[in-house]
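Novice: Here it is, the structure in full.
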Amino acid sequence: MGIYEILKSAHSGWRYLVIILLLVAFINALMGYVGKKPYTEGNRKLNVFALISAHIQFVLGLVIYFMHDWYKGDSSVAIQRYWKMEHVSMMLIAIILITVGNARSKKGVTASAKHKTIFIFFGLALLLITGAIFAMIKVDPSRHLFGM
């Protein structure tokens with residue numbers, strides 16, 4: 001097994017941690033916002049762990065992207081266009097949303113504002129990631145919902 005296969009396996013497995021952490025942070029922020037709960041150190045750490053896991057996933061993805069030469073793919077072929085442009089673009093936007101959401105939550109004055117910021121930005125990132133999964137299934141029917 002070469003380095004490419006190892007990185008690809010790591011990227012494939014790490015996605016579950018990213019999605020779980022984002023979901024937990026999103027639900028936690030929703031409950032904190034709706035329930036008017038205080039913004040605790042635990043909330044902050046959860047958000048940072050979600051952020052870090054997403055960044056690690058993105059870096060692994062970029063390494064795989066350039067190792068496999070996806071950037072050289074033919075844009076007129078749906079599967080190659082997806083991996084060349086669509087997947088990378090959607091994941092970059094998701095990473096930006098997660099990063100901006102985490103940074104803005106730190107600047108929030110009230111606990112409610114912090115929870116709301118995480119809820120909105122992490123929620124948008126989750127929607128984008130879900131959209132990317134469904135787009136992948138559309139262009140490559142051999143893959144299923146969990147991207148295997």
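The values are calculated or read from the model by the stated rules, or taken from the named source; none is laboratory data. Worth saying up front: this structure is predicted, and the values here are computed from it rather than measured. Here the Cβ is made from the backbone with ideal geometry for all residues, glycine too, and neighbour counts use every protein chain on show.
For (1) within 18 Å of the chain's Cα centre (by Cα); (2) surrounded by 13 or more Cβ atoms within 10 Å (Cβ to Cβ), each residue gets a yes or a no:
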residue: G101; (1), (2): yes, yes
residue: V109; (1), (2): no, no
residue: A113; (1), (2): no, yes
residue: F119; (1), (2): yes, yes
residue: G123; (1), (2): yes, yes
residue: I129; (1), (2): yes, yes
residue: M136; (1), (2): yes, yes
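Novice: Among the residues of segment 53-92, what is the count of those that are among the charged types (D, E, K, R) and closer than 16 Å to I129 by Cβ?
Specialist: Quick first cut of segment 53-92, residues among the charged types (D, E, K, R) only: 69, 72, 74, 81, 84, 86.
With closer than 16 Å to I129 by Cβ added as a condition, the list becomes 86.
Residues meeting the conditions: 1.
Novice: Looking only at segment 50-89, count every residue that is out of contact with any helix residue (DSSP H, G or I) (no Cβ under 7 Å at 6 or more places or on another chain) and buried (at least 19 other Cβ atoms within 10 Å of the Cβ) and tell me the total.
Specialist: 0
Novice: Only one of these conditions is not met by K37: (1) assigned to a helix (DSSP H, G or I); (2) surrounded by 14 or more Cβ atoms within 10 Å (Cβ to Cβ). Which number is it?
Specialist: Of (1) assigned to a helix (DSSP H, G or I); (2) surrounded by 14 or more Cβ atoms within 10 Å (Cβ to Cβ), only one is false for K37: (1).
Novice: From the list L46, L21, L30, L92, pick out the single residue that is surrounded by 14 or more Cβ atoms within 10 Å (Cβ to Cβ), in a helix (DSSP H, G or I), out of contact with any helix residue (DSSP H, G or I) (no Cβ under 7 Å at 6 or more places or on another chain) and at pLDDT 95 or above. Working first, answer last.
Specialist: On the way: L46 fails: out of contact with any helix residue (DSSP H, G or I) (no Cβ under 7 Å at 6 or more places or on another chain); L21 fails: out of contact with any helix residue (DSSP H, G or I) (no Cβ under 7 Å at 6 or more places or on another chain); L30 fails: out of contact with any helix residue (DSSP H, G or I) (no Cβ under 7 Å at 6 or more places or on another chain).
Matching residue, one of L46, L21, L30, L92: L92.
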